[in-house]
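Throughout, read-outs are computed from the coordinates displayed, never taken from laboratory work. Given the structure is predicted, the values throughout are model-derived calculations rather than measurements. Glycine gets a Cβ as well: all are built from the backbone with ideal geometry, and neighbour counts include every protein chain shown.
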Amino acid sequence: MCYIITRTQRKGFWDVQFYKRDERNVHARLTMSPSQTILKKFFGFDSFRKGQEETIQHILSGRDVLCVMPTGSGKSLCYQIPAMLMEGVTIVLSPLISLMKDQVDALRQNGVRAAAINSAMEWDDVKPVFRQIRAGETKLLYIAPERLEGVGFREFLAEIDVSMVVVDEAHCVSHWGHDFRPSYLNISPTVASLPNRPVVAAFTATATHEVRADIVAQLDLADPHTLITGFDRENLFFQVEHPLDKTGFLLDYLKKFPNMPGIVYCSTRKAVEEVCSDLRAFGVQAVRYHAGLDDEERRTNQESFLYDRATVMVATNAFGMGIDKSNVRFVIHYNMPSSIDSYYQEAGRAGRDSAPADCILMFGRKDVVTARYLISQSDDSSAREASFKKLRAMIDYVNTSGCLRYFILRYFGEEGLDDACEDCGNCSSVIERTDVTVEAQKILSCVYRMAEKTGGRTFGQTVLTDVLRGSGRSAVKSLGFDRISTWGLMKSYSAEAVRRITDFLMAEGFLDVDDGEFPTLRLTGKARAFFKSGTRLLMRKYEEKPDRKPKKGVTSIARKEVVNEDLFEILRELRRKLAAGEGVPPYVVFSDKTLFAICEALPENDRALLDINGVGQVKLEKYGDAFLEAVRNWRSS
Ligand code: ADP
């Protein structure tokens, strides 16, 4: 089938008309494919991202799809564009009301007829939505999966022409996934009960092999085209810091980027309270979010952040699921999460608009102790073992001197990666390194001598550090460690320094850890090879004293400087006003990335503005004049 898109505009929305090639000889007039035309006209983008076009084509050919793409990679367009091109209505099942609202707002801003029905709506509000669908005026209807439990709604679906059923966050259908939702199990029987089976398209950002197989089975996907684009988020800059003064580090960072919206994640409610009040005391517009606050405060704070009234959200991991704010420019972890899975999910809330964003993890040794204690409380020994394994990977991430991005990607099973991405905190050249070959030899020899002295027993870091620093405490003496050759070999080092180098040796695989609440260390084959080879070992330089001076090369935002920053602030304010007038979050008007591009290109007319990624026909008509005027005023000021 070949399509043409006509420019009829009714009540601010655009209608897409379909003509088969043989009905009207219009084929020759199209210079772009229908999906490309929609991409540019409605969404303002020039080209598809990886995986998008392929998925769209399979859907349009009538095939089910399973699409695994990372957060922020543009999954929504993969179904929104075919939904606009297919006759009938597409039903999108989405787990959260806030997500639906955001998506529908964004689509309507682009002139696409979309609607949502949620549990908070009265029947009087639902009725017109049904009417519009019956009249063929809605292309996408967002609903929560619970809605499928109502017989009346299922009957309604059977009456209308459903072209596609989209399952967003499809991992919720799987018991293996981390967010199982029983109501997702209603999807497949509902699809089966429709008079004509629609295309079923499933999307998720996180899916292991088991979860993928489960999605296909539970949703009864028919020979789906499966697309897995990988987990890399190129615009995110990963960095690990070991600051002795975390709040000082945070304040330095925020001083450097005063108006950039971002999230600071803390592991406890208490930490949220403390960090939030510290930031406020220094004049940062911060709000807090955790499960101990009442609903009203949580709602208000969340909204202040979404609408750019507050700059920084300080929160526990209770905040974030379903938050679609695309202009989060940084996610800083004040405490270390207990797995890379959680870390990547939380950090991944930065930079959904694909403009540069920072993901910084501030490490403190206390976080490890707390995490170990919590895991050791579990009665289920296999769950305990799995959790310790995940925690170990997280600790290794924090201590590695290698590429951070590739560390994460390897964790998720990606293969064939070169040594370094050249674009993370560890790869970037500003990081100073220090030669720890001699220290490593001392530490590893000490582990060896301690085992030798005790007939092969293993010990933890505390005793190891004490022996190396020549402690005379009874735990050291009673085992005879004050008489081994490595006792006191690192007398001149602080305990922190010895620990840091030992952590590094664990992360790099020279020491194996027998996990538990009190883990112990043993040498690996790699350590034995190291003794023989005499290779030099370099690790990231570490801090010995609090250092409150801003550091060089703290972030990617610093490196990829915003062009004409003052204009960016003017455009941001304009965007905020326009958005407030329409009751939508500012990033729905234009993304940060689009504003960055305007600051760089300084468009003088409609055509130049339309050339900018993110400016489509509808938005040009709505906001073009205001933004062009702002640029003109700025030029002449
Ligand atoms: P996901 O659902 O995968 O997390 P979204 O669909 O929310 O991601 O898209 C993330 C961001 O990327 C949005 O701001 C969206 O407008 C933008 N985007 C999507 N596709 C493109 C494209 N082809 N070109 C430029 N930006 C895009």
Name the single residue, out of those in region 327-354 being crowded, with 21+ Cβ neighbours inside 10 Å and under 18 Å from ARG575 (Cβ atoms), that is farthest from the ligand (Cβ to nearest atom). ARG329
Top-ranked residue of region 214-260 - restricted to ones that are hydroxyl-bearing (Ser, Thr, Tyr) and surrounded by fewer than 21 Cβ atoms within 10 Å (Cβ to Cβ), ranked as nearest to ASP64 (Cα to Cα): THR226
Can you tell me how many residues in region 35-69 are in contact with a Gly (Cβ under 8 Å, 6 or more places away or on another chain), within 11 Å of the ligand (Cβ to nearest atom) and among the basic types (Lys, Arg)? 2
I'm trying to understand the selection: among the residues of region 102-123, which are β-branched (Val, Ile, Thr) and either under 22 Å from GLU621 (Cβ atoms) or without any contact (Cβ under 8 Å) to a residue 24 or more places away in the chain (or both)? VAL104, VAL112
What single numbered condition from (1) assigned to a helix (DSSP H, G or I); (2) within 13 Å of the ligand (Cβ to nearest atom) fails to hold for GLY72? (1)
Filter result (over 29 Å from the mean Cα position of the chain (by Cα) and either within 15 Å of the ligand (Cβ to nearest atom) or not in a loop (DSSP other than H, G, I, E, B) (or both)) within region 590-609: ASP606, ARG607, ALA608, LEU609
Within region 381-435, restricting attention to residues that are more than 19 Å from GLY230 (Cβ to Cβ) and of a type in the set (Asp, Glu), which residue is surrounded by the fewest Cβ atoms within 10 Å (Cβ to Cβ)? GLU432
Being surrounded by fewer than 17 Cβ atoms within 10 Å (Cβ to Cβ), in contact with a strand residue (DSSP E or B) (Cβ under 8 Å, 6 or more places away or on another chain) and in contact (Cβ under 8 Å) with a residue 60 or more places away in the chain narrows ASP161, ASP179 down to just ASP161
